[in-house]
Amino acid sequence: MNERGFTLIEMVVTLIIVGILSTVAFFRFNPAIFELRGATDDLVGAIRHAQGQAMNHSGVTAFSIVIDAHGYSILQDGNPLTDPIGGAVGFLETWPNITISPTATIVFDGNGDPGLAAPLTLTLAEGSESSRITIQNETGFVE
């Protein structure tokens, strides 16, 4: 008699392999990495947005980004910029679990020049995880 199906040994071996893979994946998952990556990408986007606004307005108004220990805010002539997505006054973000160092205020001119004497490297950290953003002094390129 020829029956189709799995033997008990095959099922047990499969369950053991799935259990081992699940355990390894569970301990490699670190939510801090995802939050840190999101904050890094958000800050890079905000810096580029402030630079783009300065270039769009040809330097008639000063656009700056103030980076503090836990977030940023974008200003236009010293006043809070309107968030382009939500429309709320105050284009800013804070992350209570993430620290940013050093703090800085970057003012972009009409050419997108951040007015830095040397490249500025910002370090974002959460627990033992960290990431870096570098803003080039002459071009304002963010990497």
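Points to keep in mind about this one:
- Local electrostatic count, Ser101, Cβ distance below 15 Å [Lys/Arg +1, Asp/Glu -1]: -2
- The ranking of Met55, Met11 by Cβ neighbour count inside 10 Å, starting from the fewest, reads Met11, Met55.
- Loop-exposed chymotrypsin sites (Phe, Trp or Tyr not before Pro) per DSSP, neighbour cap 12 Cβ within 10 angstrom, longest uninterrupted part of the chain: 30-143
- For the chain, calculated [θ]222 nm from helices alone, where every DSSP H run of n ≥ 4 adds -39500 (n - 2.57): -11500 deg cm²/dmol
- Cα gyration tensor shape of region 76-139, rounded if a/c is under 1.5, else prolate or oblate by comparing a/b with b/c: oblate
- For the chain, built as a Gaussian network whose Cα springs stay under 10 Å, the top-fluctuating residue of Val24, Val107, Val66: Val24
- Across the chain, Cα-Cα pairs farther apart than 23 Å form 48% of the total.
- Listed values for region 38-53 are Karplus-derived 3J(HN,Hα) couplings in whole Hz (6.51 cos²θ - 1.76 cosθ + 1.60, θ = phi - 60°), namely x, 5, 4, 5, 5, 5, 4, x, 5, 4, 5, 5, 4, 5, x, 5, and x replaces Gly and Pro.
Read the figures in this text as sums done on the coordinates, not as results from a lab. Keep in mind it's a predicted model, so treat the numbers as computed, not measured. So basically every Cβ, Gly included, is an ideal-geometry build from the backbone, and we count neighbours across all protein chains shown.
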